[in-house]
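A.B. asks: Supplied in C-alpha cells, the structure appears directly below.
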Amino acid sequence: VELSCIIKSTVTADPRIEWKKIRDGETSYVFFDNKMQGDYATRAEILSRTSLVIRNTTRMDTATYRCEVAAPSDTKTIDEINIQLTVQ
C-alpha cells in the first residue's frame, strides 16, 4: 500500500517529514529521524521523500496514518494530513 503526503511548495530547503500511526488512541512512530521505526524498518520505505509504502500489510496495519511536515522557513511552519487505512 502507498500513502502519499503531497508537498505543493515550500521555501524550506529540507522540510522535516514524519509519519505516525494512530490506532486505538495510541500513537507510534512509523518514520522518524529519517528512518523507519519498529517492524516497519523491514517492510516499509519512503518513496519520493514523502510517500510511505508498506509491504505485506495485515489487519494490524489498519489505523490512521499521520504525515507531519515541518518547514521552519515557510509562512505555515507545520502542517499535517491524516489518512485512514483499512486492511480487509
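A.B. asks: Might you let me know whether segment 35-50 holds any residue that is touching a Cys at 6+ places or on another chain (Cβ under 9 Å) and open to solvent by less than 60 Å² (accessible area, probe 1.4 Å)?
C.D. replies: yes
A.B. asks: With the requirement that a residue be open to solvent by 30 Å² or more (accessible area, probe 1.4 Å) and either farther than 16 Å from S4 by Cα or of a type in the set (D, E, K, R) (or both), what does segment 63-73 give you?
C.D. replies: Filtering segment 63-73 down to residues open to solvent by 30 Å² or more (accessible area, probe 1.4 Å) leaves 64, 66, 72-73.
Within segment 63-73, R66, P72, S73 meet the criteria.
A.B. asks: Still on this structure, please answer the following. For segment 2-22, enumerate the residues that are surrounded by 14 or more Cβ atoms within 10 Å (Cβ to Cβ), touching a strand residue (DSSP E or B) at 6+ places or on another chain (Cβ under 7 Å) and either under 22 Å from T86 (Cβ atoms) or not basic (K, R) (or both). Can you show your working first?
C.D. replies: As a first pass, look at segment 2-22 and keep what is surrounded by 14 or more Cβ atoms within 10 Å (Cβ to Cβ): 3, 5, 7, 10, 12, 15-22.
Retained after the next criterion (residues that are touching a strand residue (DSSP E or B) at 6+ places or on another chain (Cβ under 7 Å)): 3, 5, 7, 15-22.
Correct list: L3, C5, I7, P15, I17, E18, W19, K20, K21, I22.
A.B. asks: Confirm whether T62 is out of contact with any Asp or Glu (no Cβ under 9 Å at 6 or more places or on another chain) and at pLDDT below 95. So that I can check it myself, show each step before the final result.
C.D. replies: Details: out of contact with any Asp or Glu (no Cβ under 9 Å at 6 or more places or on another chain): yes; at pLDDT below 95: no.
Taking the combined requirement at face value, the residue does not satisfy it.
The values are calculated or read from the model by the stated rules, or taken from the named source; none is laboratory data. This structure is a prediction, so every number in the text was calculated from the model and none was measured. Heads up, the Cβs are rebuilt from the backbone with ideal geometry, glycines too, and the neighbour counts pull from every protein chain shown. SASA here: full protein model, heavy atoms, side chains in, ligands and nucleic acids out. Shrake-Rupley method; radii C 1.70, N 1.55, O 1.52, S 1.80 Å.
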